Amino acid sequence: VFNEGSKYNSRIFEEPIESVWVAAEKVVLAQGFILEKTDKNAMAMVATRLFKEDDETATLVLSVTARAEGKGTILFATANQTKEKFHSARSYDWFLIIPRPTGSTAASVKMGGETIEDPEFFQKFFHAVEKEIAQAKRGKQG
């Protein structure tokens with residue numbers, strides 16, 4: 001777990017922590033995530049987004065934390081995805097030769113989960129944060 005290697009899930013910004021935090025929060029919200037937890041004092045947030053296709057649902061949980069780094073800010077992001085499949089069934093009994101429904105059951109079954117380790121996923125997130133910071137700067141100047 002604590003091996004040396006590329007740090008695809010963190011990026012240093014040469015901006016104050018408040019600017020980076022606000023930009024990251026806007027990016028997360030603009031992408032359709034729901035803020036589940038946010039702690040501005042700790043500069044940490046947890047957001048979720050659901051993706052549904054037929055009877056499968058994928059839940060993406062994104063955790064973002066900002067820390068002061070010299071004159072700038074380091075932004076950390078982690079993402080986990082779980083997949084669930086919805087199953088339903090009907091129960092029948094037989095009345096003479098005719099089947100008649102007696103009830104139904106439905107359940108959501110977890111099919112698996114994984115930590116997202118795709119560098120491109122995080123690059124897109126950090127690039128969106130950079131763009132949001134640049135937009136905010138242009139707005140202050142104009």
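The values are calculated or read from the model by the stated rules, or taken from the named source; none is laboratory data. Worth saying up front: this structure is predicted, and the values here are computed from it rather than measured. Note that we place each Cβ from the backbone using ideal geometry, even for glycine, and neighbour counts take in every protein chain shown. The area values use the complete protein model at the heavy-atom level, side chains included, leaving out ligands, DNA and RNA. Shrake-Rupley method; radii C 1.70, N 1.55, O 1.52, S 1.80 Å.
Observations, loosely collected:
- Of the criteria (1) within 21 Å of residue 120 (Cα to Cα); (2) touching a residue at least 24 places away in the same chain (Cβ under 8 Å); (3) not in a strand (DSSP E or B), which one residue 62 fails: (3)
- Filtering region 120-135 to residues that are open to solvent by 50 Å² or more (accessible area, probe 1.4 Å) and either of a type in the set (Lys, Arg) or in contact (Cβ under 8 Å) with a residue 40 or more places away in the chain (or both) leaves 121, 123, 124, 130, 131.
- Answer from 89, 79 - the residue that is open to solvent by less than 90 Å² (accessible area, probe 1.4 Å), at pLDDT 70 or above and either part of a strand (DSSP E or B) or at positive phi (or both): 79
- Candidate set: region 32-67, residues that are among the polar types (S, T, N, Q) and within 19 Å of residue 117 (Cα to Cα); chosen: the one surrounded by the fewest Cβ atoms within 10 Å (Cβ to Cβ): 48
- Of note, residue 46 satisfies the criterion of being touching a Lys or Arg at 6+ places or on another chain (Cβ under 7 Å) and modelled with pLDDT of 85 or more.
- In the set (1) under 13 Å from residue 126 (Cβ atoms); (2) at pLDDT 95 or above, residue 8 fails one condition alone, (2).
- When residue 8 is tested against (1) open to solvent by 40 Å² or more (accessible area, probe 1.4 Å); (2) without any contact (Cβ under 8 Å) to a residue 24 or more places away in the chain, just one condition goes unmet, and that condition is (2).
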